[in-house]
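These notes concern the structure reproduced below.
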2 protein chains.
Amino acid sequence: MKRREYSIYIMTTKPSIPKGTRDFLPEETARRNYIFDTIREVYELYGFRSIETPAMENLSTLMGKYGEEGDKLLFKILNSGNFLSDLQPGDINPSHLGHLASVLCEKGLRYDLTVPFARFVVQHREEIKLPFRRYQIQPVWRADRPQKGRYREFYQCDADVVGSDSLLNEVELVEIIDEVFSRLNINVDININNRKLLTAMAERIGAADKITEVTVAIDKLDKIGPEGVEEELRAAGIDEEGIAALRPVIGLQGSNDEKLAAMRSAFGDIPAGAKGLEETEFVLGALSSLGLRSRVTYNPALARGLNYYTGCIFEVKALDTQIGSITGGGRYDNLTGIFGMPGLSGVGISFGADRIYDVLTTLDLFPPETGRTTQLFFVNFGDEAATTRCLKLASAARKAGIRTEVFPDAVKMKKQMAYASALGVRYVAIIGGDELSAGTVTLKDMDRREQQTVGQADLVETVRAGL
Amino acid sequence: MKRREYSIYIMTTKPSIPKGTRDFLPEETARRNYIFDTIREVYELYGFRSIETPAMENLSTLMGKYGEEGDKLLFKILNSGNFLSDLQPGDINPSHLGHLASVLCEKGLRYDLTVPFARFVVQHREEIKLPFRRYQIQPVWRADRPQKGRYREFYQCDADVVGSDSLLNEVELVEIIDEVFSRLNINVDININNRKLLTAMAERIGAADKITEVTVAIDKLDKIGPEGVEEELRAAGIDEEGIAALRPVIGLQGSNDEKLAAMRSAFGDIPAGAKGLEETEFVLGALSSLGLRSRVTYNPALARGLNYYTGCIFEVKALDTQIGSITGGGRYDNLTGIFGMPGLSGVGISFGADRIYDVLTTLDLFPPETGRTTQLFFVNFGDEAATTRCLKLASAARKAGIRTEVFPDAVKMKKQMAYASALGVRYVAIIGGDELSAGTVTLKDMDRREQQTVGQADLVETVRAGL
């Protein structure tokens, strides 16, 4: 079936899109834009500026940044023209697919916004001003196995500050999280921790080299419970004494202050622990003086999977539904190092738009106006003079900012009204023969199921006042 | 050099992006968004609703839709996993690269928004309401040879109505063009023609089968002049009698009415010609009664390269600079036919954002506020009480809608002011020791080079009033 004629194949196949990708209908697009616009507005209120990077990056930029597994999940783009030009004998080898792919492909689709951002900062170092506060809302692509809630194309909504060590950045990023979810009417719990405290914990149990395994195990507390975490630690080679030393952390309860005090007595004597506690206390203190609307929880078991984090880390969960992490972030100290610009600290957050969409849908929190496009709709009777009048009135309504549509075809009124209803139009304007000669409009308010006759000269003002 | 270790390669190479692609710095992104937002707002005023489709389409959807040359310009994506699994002996053949690509790749990046839209309409026929007015602003990718003004990734901004034959759609789309360019302050000439008139012309000269060659030749009138067009027609096998019959069209001057009259006497006896003239007259008549701000020119030599157009066609040029076509569109009768849904007429337009950007830059028409992000900037002196006060005032300013930044680090004042200047900040707020104890703020207006002392409680109102 491979050596087919495309044209024949096309004619006989129902059109479809690649698995793991999505079309968005107008209602979904409007709801998604409500989320993106909210995030964008708040980012801009905090002085973050939008940049964009290309969908395609050189594979040399992407490879090796997401681990071996990540390399396999990159979508690679076949070279244009003669893609066999660099092929050497022996390259066609099913057991060295990675090598062959690198011969056939120089470019790949971006896997996240963080690595392209690091590349951007290094490449444009002369053109940007540090500290650089940038936000970026663009799609990324991953060749993950598609499953419920996991897509091969999805948007990330990132904000980062690079070139500043100040903890004020952490404070403001948490404020941004609070503001976004307040605007979206989602009650959230913002979890905060510090990777330095995890370092101290690994040191205490004599497993500084196993910090990854320790954090990965602790990160699963929510999912596998304290016993599960202990099991994982054991499997990672942590001895019983070490596990005992970590037990208070894993099961730590109480207020933020109580937990901080417990952590101080357990790890405050280790320099990394003292530093981590100091940073956490500063951030929590500043936030408490600002009076956020969201709950802020110090969670000593929060680890965040990504290994590049070195300081404060954040993770956000919705309180009224079980949809996992909807936002995360943290500080990293050397993201641009791999592109030849070491010593630049940064801190950032990323909103998970798809999961936020699910939360808003589950809790029915989308504002009713979201997706209501056309506000004023003119029925078309096919009479030329009436149509011209409708076009002119529509033009005036649009100049007044009213989203207006004139039905293009003189089909049955019933069909036109069904169309208007399906779109959720607020006002329907009717100019038939009578109205035309009287200089009036019959105006139906579809929400209130009311009808009135207004002068054509008053139409725009009447509609505007009613919206 | 191909069998390299990626990590080594990375460390020694200055980062770059694939040729023909672009990074957008904050200033450029803001200016681009000014264009996109203007177009989006106008589309929505006319009842168009946004959809989105995935960047990747199945190659079976894309192949064969853009001609043989277009197929070669598609970016193809290497299959995930074992991309050699369907390889057969003989597939590796440099003279059958197209076949080999189809074995290695099932997906490609979209080449335009029109074919994905046709696919979308057919795939979602049960979920959408006809006539369907959709707009779509998304990037497309073409493996064209990069050159000045031509990129491998660029945005298209399309609006289409499908499922309606009414010429009111054409009228409204021209109104949209007029409104967008009025808002952008670009003076334009909107050229209108009808493909049915071109059909009539081909018929008149007995070359109905050569309609493509005839339209392609006429389309070049602007570039190669009347003699060049005649040369091309001759090369396409049109005889001297035929060329003589076309000569009045190619050099036609005068008002729209004069040109229509000349065309009627030359081609009005051919049914396609009569129909084309009737449609053109209707559209021009309706537009003239609506009183557009832009010039609307009937141009009988306008052809538009794309062969799927069947009725009205549009093309827009900026009047005050030579940057070619900045918007185009037209009616097509059977776009969804190839996906198994024949007989659905549509009409659409597409704004060329990159060229519009060039026009706005050349004529210096971007509003000065475009790209001004932060409006209020707090200097940081490192004093904890002052910093907390700044954070609180910043928070209040943001709640009032003022885009506000607190400099995160207590570096030298001069450096902070340089940063604020580079960003084009309007107001700088200073709270040092004196201000802290007096409960005041020193407020610098960077535009007017003025300075005043205001009470902290009055800061937000003072700034808001000044913006």
- Given unit charges at Cβ for Lys, Arg (+) and Asp, Glu (-), the dipole magnitude of segment A:223-330 about its Cα centre in debye, nearest 20, is 480
- Query: Just by accessible area at a 1.4 angstrom probe, what is the order of A:TYR46, B:TYR111, B:TYR34 from largest to smallest?
  - Reply: B:TYR34, B:TYR111, A:TYR46
- Among all the aspartates and glutamates, which ones have a C-alpha under 14 Å from A:LYS220's C-alpha, if same-chain residues fewer than 8 places away are not counted? A:GLU230, A:GLU231, A:GLU232, A:GLU315
- Treating only the Cβ atoms of Lys and Arg (+1) and Asp and Glu (-1) as charged, compute the dipole magnitude of segment B:29-151 about its Cα centre; round to the nearest 20 debye. 500
- Task: Would you rank A:LYS220, B:LYS392, B:LYS415, A:LYS414 by solvent-accessible area, highest first, keeping every protein chain in place and using a 1.4 Å probe?
- Result: A:LYS414, B:LYS415, B:LYS392, A:LYS220
- Task: Any lysines with Cα under 22 Å of the A:LYS412 Cα? List them, leaving off those in the same chain fewer than 8 positions away.
- Result: A:LYS444, B:LYS129
- Query: When the dipole is taken about the Cα centre of segment B:376-466, and only Lys, Arg (+1) and Asp, Glu (-1) are charged at their Cβ, what size is it in debye, to the nearest 20?
  - Reply: 320
- Determine the shielding of peptide A:163-173 by partner chains: average, over its residues, the number of Cβ atoms on other chains within 10 angstrom of each Cβ. 4
- Can you list, shortest first in nanometers, how far A:THR362 lies from the same residue in the other copies, with each label 7 Å from Cα toward Cβ? 5.3
- Message: If each label sits 7 angstrom from Cα along the C-beta direction, how far apart, in nm, is B:HIS99 from its counterparts in the other copies?
- Response: 2.8
- Dipole-positive endmost among A:PRO15, A:GLY424, B:THR387 within the protein assembly as shown (Cβ charges, Cα centre): A:PRO15
- Query: Mind checking the angle between helix B:240-250 and chain B's longest principal axis? C-alpha axes, 0 to 90 degrees, to the nearest 10.
  - Reply: 30
- If contacts are Cα pairs under 8 angstrom and at least 6 residues apart, what is the relative contact order of segment A:1-140 in percent? 31
- Task: Rounded to the nearest 10 degrees, what's the angle between the helix B:256-267 long axis and the longest principal axis of chain B, both from Cα atoms, 0 to 90?
- Result: 30
- Message: How charged is the neighbourhood of A:GLU44? Take every other residue with its Cβ under 12 Å from the Cβ of A:GLU44, and add Lys/Arg as +1 and Asp/Glu as -1.
- Response: +3
- Mind scanning B:LYS19/B:LYS223; B:LYS19/B:LYS148; B:LYS392/B:LYS414 and naming the pairs with a C-alpha gap bigger than 19 Å? B:LYS19/B:LYS223; B:LYS392/B:LYS414
- Item | Residue mean of other protein chain beta carbons inside 10 Å, A:359-368 | 0
- Query: Residue farthest toward the positive end of the dipole of the protein assembly as shown, with Cβ of Lys/Arg at +1 and Asp/Glu at -1: which of B:GLY108, A:ASN193, B:PRO54?
  - Reply: B:GLY108
- Mind grabbing the interface size between B and A? I mean buried accessible area, both sides, 1.4 Å probe, in Å² to the nearest hundred. 10500
- Task: Using +1 at the Cβ of each Lys and Arg and -1 at the Cβ of each Asp and Glu in the protein assembly as shown, identify which of A:TYR151, A:VAL171, A:LEU467 lies farthest towards the dipole's positive end.
- Result: A:TYR151
- Taking a ≥ b ≥ c as the square roots of the Cα gyration tensor eigenvalues, with a/c under 1.5 meaning rounded and otherwise prolate when a/b beats b/c or oblate if not, segment A:313-385 comes out oblate
- Item | chain A: relative contact order as a whole-number percent, Cα under 8 Å and 6+ apart | 14
- For A:LYS223, go 7 angstrom from Cα along the Cα-to-Cβ vector, then report the distances to that same point in the other copies in nm, smallest first. 5.7
- Positive minus negative residues near A:ILE17 (Lys, Arg vs Asp, Glu; Cβ under 11 Å): +3
- Query: For segment A:425-459 and segment A:185-262, what is the separation of their C-alpha centers, rounded to whole Å?
  - Reply: 67
- With Cα coordinates, the longest principal axis of chain B makes an angle with the long axis of helix B:384-399, in degrees rounded to 10, of 40
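The values are calculated or read from the model by the stated rules, or taken from the named source; none is laboratory data. Quick caveat: nothing in here was measured; it's all calculated off a predicted structure. Here the Cβ is made from the backbone with ideal geometry for all residues, glycine too, and neighbour counts use every protein chain on show. Calculation scope for accessible area: heavy atoms of the full protein, side chains included, ligands and nucleic acids excluded. Shrake-Rupley method; radii C 1.70, N 1.55, O 1.52, S 1.80 Å.
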